[in-house]
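Engineer: Structure below; questions to follow.
The values are calculated or read from the model by the stated rules, or taken from the named source; none is laboratory data. Note that the structure is a prediction, hence the values are computed from the model and not measured. For neighbour counting, all protein chains shown are included, and Cβ atoms are generated from backbone atoms with ideal geometry for every residue, glycine included.
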Amino acid sequence: MKQQFILAFFAGVLGTMVLGTWAMVSVQAQSKPVPPKFTTVTNLAEFNVVIDKKPVSASDVKEIGEPPGRRDIIGADDRIPMTNRKKPWSAIGKIEGIDADGKGYSCTGTLIADDLVLTNSHCVVNPDTGKLSRAIAFLPNLINGQVRDKNDIAYATTAKPGTDFKTGTLADYVDDWAILKLDRPLGKKYGIIPLKSLPSFDLVGDTKKFALVGYSADFPNPKKKQYQEFTAGERMTAGVHLGCSILRQKDNLLYHNCDTKGGASGGAIIGNINGNYYVLALHSGWNKVNGLTLNRAVEISRIQPALRGN
């Protein structure tokens with residue numbers, strides 16, 4: 001399929017700016033709709049987000065089986081390409097945005113309701129400047145640069161970021177979550193993975209029961225023999241690490257060993273509870289803990305205060 005620029009969708013809003021990461025997405029752009037004005041909201045209750053609060057014991061959390069598809073391991077890298085278009089994996093997609101300064105970036109997001117996507121605050125607000133992005137698109141279940149239907153590329157209309165990064169410290173990242181409201185109900189087609197808040201003592205441990213899916217900037221590399229068929233290149237197919245663990249909780253942050261790189265920000269840490277899949281934590285980045293470099297994640301319970309009045 002001939003490769004065309006998704007950036008064409010932003011004509012009239014972004015002028016002649018070219019965003020390289022969108023250049024490889026294979027969709028046939030027949031028209032050039034103007035994306036809606038992107039703004040923030042102050043009350044998350046407007047989004048009608050639901051967190052499943054039914055009690056769960058540690059024994060209820062089951063190991064996630066391998067989704068159908070290929071499995072290639074490169075050294076200690078446990079990621080495999082996410083080539084599954086079935087639910088619940090189809091609810092995960094790539095976020096592509098243009099920040100306030102006109103620079104392109106990408107993250108990962110998960111449908112948690114028909115028209116709501118969970119990601120990081122730093123995928124919506126620039127932590128250094130505090131400025132809101134100009135425009136954000138969500139590409140559901142992007143595989144080798146392709147979506148099922150060009151009409152399924154959605155735009156964020158409003159967002160609720162959990163933090164504005166005003167302190168400039170690690171404490172900001174305790175609330176490094178954001179919920180985007182889309183201009184179309186993609187969850188009806190692609191499914192959703194709802195939020196579930198569990199106590200840290202039910203999550204922490206070398207359980208090898210969780211999975212993280214993210215559109216990492218280094219994966220899959222088509223120059224490697226195993227991935228030559230992924231011609232769209234890095235961050236155009238999600239990588240999934242099956243069987244990773246949440247190892248500790250410290251200072252209101254969770255720390256995990258799921259394999260990620262830049263671009264996987266906003267990737268959900270997913271668990272299987274009695275046959276149902278839930279978002280149990282939200283990957284946010286990495287930092288050092290007691291001299292060790294670990295990946296960090298946001299607790300789902302951090303979203304609950306914003307839901308009061310829902």
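Engineer: Residues to consider are Ile95, Ile80; find the one that is of a type in the set (A, V, I, L, M), at pLDDT 90 or above, closer than 27 Å to Pro194 by Cβ and not in a loop (DSSP other than H, G, I, E, B).
Structural biologist: Ile95
Rundown of residues vs (1) closer than 11 Å to Ala178 by Cβ; (2) of a type in the set (A, V, I, L, M, F, W, C); (3) in contact with a Cys (Cβ under 8 Å, 6 or more places away or on another chain), yes/no style:
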{"position": "Asp128", "(1), (2), (3)": "no, no, no"}
{"position": "Asn141", "(1), (2), (3)": "no, no, no"}
{"position": "Gln146", "(1), (2), (3)": "no, no, no"}
{"position": "Ile153", "(1), (2), (3)": "no, yes, no"}
{"position": "Ala159", "(1), (2), (3)": "yes, yes, no"}
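Engineer: So, one more: For segment 199-255, give me each residue that is among the hydrophobic types (A, V, I, L, M, F, W, C), in a loop (DSSP other than H, G, I, E, B) and closer than 28 Å to Lys62 by Cα.
Structural biologist: Across segment 199-255, the qualifying residues are Phe219, Ala238.
Engineer: Just to be sure I understand, how many residues within segment 274-310 are surrounded by 15 or more Cβ atoms within 10 Å (Cβ to Cβ), at pLDDT 85 or above and either more than 20 Å from the chain's Cα centre (by Cα) or charged (D, E, K, R) (or both)?
Structural biologist: Residues in segment 274-310 being surrounded by 15 or more Cβ atoms within 10 Å (Cβ to Cβ), at pLDDT 85 or above and either more than 20 Å from the chain's Cα centre (by Cα) or charged (D, E, K, R) (or both): 3 in total.
Engineer: Can you tell me which residues in segment 188-198 are assigned to a loop (DSSP other than H, G, I, E, B) and either touching a helix residue (DSSP H, G or I) at 6+ places or on another chain (Cβ under 6 Å) or closer than 16 Å to Asp259 by Cβ (or both)?
Structural biologist: Selection gives Gly191, Ile192, Ile193, Ser197.
Engineer: Could you pull out the residue among Asn252, Asn257, Asn221, Asn274 that is touching a Ser or Thr at 6+ places or on another chain (Cβ under 8 Å) and either under 23 Å from Pro127 (Cβ atoms) or not basic (Lys, Arg) (or both)?
Structural biologist: Going through Asn252, Asn257, Asn221, Asn274 in turn, the sole match is Asn257.
Engineer: What pairs can you find where one residue is in segment 30-50 and at pLDDT 70 or above, the other is of a type in the set (Asp, Glu), and their Cβ atoms are less than 6 Å apart, with a gap of 6+ or different chains?
Structural biologist: That search, which allows pairs on different chains as well, returns Pro36/Asp183.
Yes or no, residue by residue, for (1) over 17 Å from the mean Cα position of the chain (by Cα); (2) closer than 26 Å to Lys37 by Cα; (3) among the charged types (D, E, K, R):
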{"residue": "Ala135", "(1), (2), (3)": "no, yes, no"}
{"residue": "Arg148", "(1), (2), (3)": "yes, yes, yes"}
{"residue": "Lys160", "(1), (2), (3)": "no, yes, yes"}
{"residue": "Tyr215", "(1), (2), (3)": "no, yes, no"}
{"residue": "Thr231", "(1), (2), (3)": "yes, no, no"}
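Matching residues to (1) at positive phi; (2) part of a strand (DSSP E or B); (3) of a type in the set (Ser, Thr, Tyr):
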residue: Leu118; (1), (2), (3): no, yes, no
residue: Asp128; (1), (2), (3): no, no, no
residue: Ile136; (1), (2), (3): no, yes, no
residue: Thr157; (1), (2), (3): no, yes, yes
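Engineer: Take segment 175-216 and flag every residue that is surrounded by fewer than 24 Cβ atoms within 10 Å (Cβ to Cβ), among the charged types (D, E, K, R) and closer than 25 Å to Lys54 by Cα.
Structural biologist: Asp175, Lys188, Lys196, Asp202, Asp206, Lys208, Lys209
Engineer: Something else: Quick one: Phe165 ticks every box in (1) under 14 Å from Leu282 (Cα atoms); (2) surrounded by fewer than 23 Cβ atoms within 10 Å (Cβ to Cβ); (3) out of contact with any Lys or Arg (no Cβ under 7 Å at 6 or more places or on another chain); (4) modelled with pLDDT of 90 or more bar one, so which box is it?
Structural biologist: (1)
Engineer: For segment 181-204, indicate whether the set of residues that are under 15 Å from the mean Cα position of the chain (by Cα), under 30 Å from Pro36 (Cα atoms) and without any contact (Cβ under 8 Å) to a residue 60 or more places away in the chain is non-empty.
Structural biologist: Checked segment 181-204: no residue is under 15 Å from the mean Cα position of the chain (by Cα), under 30 Å from Pro36 (Cα atoms) and without any contact (Cβ under 8 Å) to a residue 60 or more places away in the chain.
Engineer: Quick check: is even one residue across segment 213-224 out of contact with any strand residue (DSSP E or B) (no Cβ under 7 Å at 6 or more places or on another chain), within 18 Å of Gly93 (Cα to Cα), modelled with pLDDT under 90 and of a type outside the set (Gly, Ala, Ser)?
Structural biologist: Yes: segment 213-224 contains one or more residues that are out of contact with any strand residue (DSSP E or B) (no Cβ under 7 Å at 6 or more places or on another chain), within 18 Å of Gly93 (Cα to Cα), modelled with pLDDT under 90 and of a type outside the set (Gly, Ala, Ser).
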